[in-house]
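*Asks:* One structure is given below, represented as structure tokens, and several questions about it will come after.
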Ligand code: C2E
Ligand code: MG
Ligand code: MG
């Protein structure tokens, strides 16, 4: 990114804002600040590369701001500061992750300005070099957003925790920028949602998955392919018919799953329930994605005929090998799934320890970088061979 990176500083104390702004400018950022609730409301809809957020903001609180930020700026890097103790800051950090924000650091006041500057410098240098773990932050021309030529699917295996066998793959969309490479869906799916064009994206993704399943042997023999849908798609009466038309030509409905993720609050549950039920009646499987990310609407949706529940990676990440008792949130997520007779999948399994823990807690399946990152269809066989070798050693 050649442009100067932008930081937004949110603190109800103006003097602190000024200090942090000065630190940010010396770290190479363009800095703006917001102190009052009206300033904050207006500022958080803007474009920036980093937010420094104080947790206690007088009339508003930082958690409220996180939820608003997460809704419009998924993947946004944040630094949390607070006068509260470090354990409260750690909890706030986890809440921020549940709102899909990327926490770069948490600082209990009084903190050293040098340490804050170092954290900021790291980010500004990374963005100067154009390296960002969430993919390049490029401005995508709205006309190109849904050009099939720019879109591709990567596939990530989901395996049985008992046998290690692949139970299926998840199709994850990638937007391939001609110069910058793959852009993460965390950035551009939010843009598509803002433009109200999620139905178009879904049609393109379904068509690409059907084409890939026909074209690549590793996918043709896969028991299941899952496709992500946004709750925003659940008001589209035509969806069950289109899904049947596009997908059933290649494989029967029981070999496709729709993963529903709640990227926006569901205002009216009745139509969503009816679309989900119609998809299930047609034979498709249904998965609750990102379970445990702190939204309560799922409770209302859980009466829908789901077949699978995916425990969000923020929860899996919290599993601690040294803890006397497993994290109660993870355990209750697994219990909810099993009491509803759903297959329970742990997402974001990155280490052997995490794999063993989720297996021992009763998760039926696991997905994550330990098993394989999302890969192109031609790389699937190799990725699964590598996994089989790891699994032998694991069990
Ligand atoms: P998701 O459905 O929960 O997908 C899992 C995400 O976690 C993927 O990110 C995957 O690359 C990442 N992941 C998998 N294993 C690990 C791990 O071990 N560690 C870590 N840190 N991450 C892991 P990705 O591909 O960037 O997708 C992000 C989100 O974008 C997806 O979350 C999904 O909600 C959405 N998305 C992806 N494809 C589509 C699509 O076709 N349509 C819609 N509406 N949303 C999509
Ligand atoms: Mg998913
Ligand atoms: Mg997920």
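The values are calculated or read from the model by the stated rules, or taken from the named source; none is laboratory data. Quantities reported herein were computed from a predicted structural model and do not represent experimental measurements. No Cβ is skipped: glycine too gets one built from the backbone with ideal geometry, and neighbour counts run over all protein chains shown.
*Asks:* For residue 223, only one of the following conditions fails: (1) more than 13 Å from ligand 1 (Cβ to nearest atom); (2) farther than 25 Å from residue 166 by Cβ; (3) in contact with a strand residue (DSSP E or B) (Cβ under 8 Å, 6 or more places away or on another chain). What is its number?
*Replies:* (2)
*Asks:* Taking region 199-209, which residues are buried (at least 20 other Cβ atoms within 10 Å of the Cβ) and either at pLDDT below 95 or farther than 14 Å from residue 154 by Cβ (or both)?
*Replies:* Hits for region 199-209 are 201, 202, 206.
*Asks:* Considering (1) farther than 29 Å from residue 313 by Cβ; (2) surrounded by 23 or more Cβ atoms within 10 Å (Cβ to Cβ), say which one residue 101 fails and leave the rest.
*Replies:* It fails just one condition, (1).
*Asks:* Let me ask something else about it. Looking at region 344-352, can you tell me whether even one residue there is within 16 Å of ligand 2 (Cβ to nearest atom), within 22 Å of residue 97 (Cα to Cα), in contact (Cβ under 8 Å) with a residue 40 or more places away in the chain and assigned to a loop (DSSP other than H, G, I, E, B)?
*Replies:* For region 344-352, residues within 16 Å of ligand 2 (Cβ to nearest atom), within 22 Å of residue 97 (Cα to Cα), in contact (Cβ under 8 Å) with a residue 40 or more places away in the chain and assigned to a loop (DSSP other than H, G, I, E, B): present.
*Asks:* Anything in region 81-117 that is touching a strand residue (DSSP E or B) at 6+ places or on another chain (Cβ under 7 Å), in contact (Cβ under 8 Å) with a residue 60 or more places away in the chain and under 17 Å from residue 70 (Cβ atoms)? List them, or say none.
*Replies:* 97
*Asks:* Inside region 369-386, can you point out the residues that are within 26 Å of residue 331 (Cα to Cα) and either part of a helix (DSSP H, G or I) or free of Cβ contacts under 8 Å to residues at least 60 places away in the same chain (or both)?
*Replies:* Answer for region 369-386, where residues must be within 26 Å of residue 331 (Cα to Cα) and either part of a helix (DSSP H, G or I) or free of Cβ contacts under 8 Å to residues at least 60 places away in the same chain (or both): 369, 370.
*Asks:* Please work out which one of (1) surrounded by 15 or more Cβ atoms within 10 Å (Cβ to Cβ); (2) without any contact (Cβ under 8 Å) to a residue 24 or more places away in the chain; (3) over 30 Å from residue 385 (Cα atoms) is the condition residue 262 fails and give its number.
*Replies:* The number of the failed condition is (2).
*Asks:* Six or more apart or on different chains, Cβ atoms under 7 Å: show the pairs whose first residue is in region 201-219 and closer than 22 Å to residue 232 by Cα and assigned by TED's automatic domain parsing to the domain that holds residue 167 and whose second is at pLDDT below 95 and part of a helix (DSSP H, G or I).
*Replies:* Pairs that qualify, where the first residue is closer than 22 Å to residue 232 by Cα and assigned by TED's automatic domain parsing to the domain that holds residue 167 and the partner is at pLDDT below 95 and part of a helix (DSSP H, G or I), are 201/192; 202/233; 204/148.
*Asks:* Name, by its number, the condition in (1) within 20 Å of residue 155 (Cα to Cα); (2) within 16 Å of ligand 3 (Cβ to nearest atom); (3) in contact with a strand residue (DSSP E or B) (Cβ under 6 Å, 6 or more places away or on another chain) that does not hold for residue 291.
*Replies:* So residue 291 meets the others, but not (1).
*Asks:* Can you tell me how many residues in region 337-354 are more than 18 Å from residue 395 (Cα to Cα) and either touching a strand residue (DSSP E or B) at 6+ places or on another chain (Cβ under 6 Å) or away from ligand 3 (no atom under 16 Å from the Cβ) (or both)?
*Replies:* 10
*Asks:* Which of the residues spanning region 40-61 are at pLDDT 85 or above, in contact with a strand residue (DSSP E or B) (Cβ under 8 Å, 6 or more places away or on another chain) and either outside any loop (DSSP other than H, G, I, E, B) or surrounded by fewer than 15 Cβ atoms within 10 Å (Cβ to Cβ) (or both)?
*Replies:* 40, 42, 43, 50, 51, 52, 53, 54
*Asks:* Criterion first (in contact with a helix residue (DSSP H, G or I) (Cβ under 7 Å, 6 or more places away or on another chain), within 16 Å of ligand 2 (Cβ to nearest atom) and within 28 Å of residue 317 (Cα to Cα)) does residue 186 satisfy it?
*Replies:* In short, no.
*Asks:* Same structure again: Go over the candidates 15, 22, 31 one by one and state the one that is modelled with pLDDT of 90 or more and part of a helix (DSSP H, G or I).
*Replies:* None of the other options fit; the residue is 22.
*Asks:* Can I ask one more? Evaluate the following for residue 316: is it part of a helix (DSSP H, G or I) and within 10 Å of ligand 1 (Cβ to nearest atom)?
*Replies:* yes
*Asks:* Among 259, 254, 249, which is the only one that is away from ligand 2 (no atom under 12 Å from the Cβ), at pLDDT 90 or above and either out of contact with any helix residue (DSSP H, G or I) (no Cβ under 8 Å at 6 or more places or on another chain) or not assigned by TED's automatic domain parsing to the domain that holds residue 347 (or both)?
*Replies:* Step by step, each of 259, 254, 249 is checked, and only 254 is away from ligand 2 (no atom under 12 Å from the Cβ), at pLDDT 90 or above and either out of contact with any helix residue (DSSP H, G or I) (no Cβ under 8 Å at 6 or more places or on another chain) or not assigned by TED's automatic domain parsing to the domain that holds residue 347 (or both).
*Asks:* Tell me, please, whether a residue that is in contact with a strand residue (DSSP E or B) (Cβ under 9 Å, 6 or more places away or on another chain) and touching a residue at least 40 places away in the same chain (Cβ under 8 Å) can be found in region 323-335.
*Replies:* Yes, region 323-335 has at least one match.
*Asks:* Could I ask something else about it? Among the residues of region 229-242, is there at least one that is over 21 Å from the mean Cα position of the chain (by Cα) and buried (at least 19 other Cβ atoms within 10 Å of the Cβ)?
*Replies:* Yes; the residues of region 229-242 include at least one that is over 21 Å from the mean Cα position of the chain (by Cα) and buried (at least 19 other Cβ atoms within 10 Å of the Cβ).
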